[in-house]
Amino acid sequence: MPPLAGGAVDPIFHLVPTPFTPADTTPEAWAKQFELYRRMSPAEKAAGVRAITRTVNALALAGLRQQYPAASDGELMLRLAVRRLGEDVVAKAYGWRPPPHGA
């Protein structure tokens, strides 16, 4: 792991084990990608995480819309919350549980 100024290790290197390289990526390209991450400011990293989160949410909601075409936007958001947090948490927080399967 390359050290930062002052000898600190960049936290990004703790997210993915260093020996791991995707099968479709050369070690040189992987090293370059991590170098680019290392150079990003915290605000740039946060913006990247926000963008990925929005994309994941959009994909999850699209899947839920396909599965429950008659559901309202509110119900879809609750169903997404159930997938992420579990039924019990959503029931306690929002007083909602999904109807029994087939109902």
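Summary of computed values
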| read-out | value |
| --- | --- |
| Where N is the number of residues in segment 41-103, Cα Rg divided by 2.2 N^0.38 Å | 1.34 |
| Per-residue ³J(HN,Hα) for segment 21-30, Karplus 6.51 cos²θ - 1.76 cosθ + 1.60, θ = phi - 60°, Hz, x for Gly and Pro | 9, x, 4, 9, 10, 6, x, 5, 5, 5 |
| In sequence order, calculated HN-Hα J values of segment 33-40 (Karplus, 6.51, -1.76, 1.60; Hz; x Gly/Pro) | 4, 5, 5, 5, 4, 4, 7, 5 |
| Phi to ³J(HN,Hα) by Karplus 6.51 cos²θ - 1.76 cosθ + 1.60 over segment 68-80, Hz, x for Gly, Pro | 10, x, 8, 6, 6, 4, x, 5, 4, 5, 5, 5, 5 |
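Since every read-out is calculated from the coordinates, none of them should be taken as a lab result. Predicted, not measured: the structure shown is a model, and the values here were computed from it.
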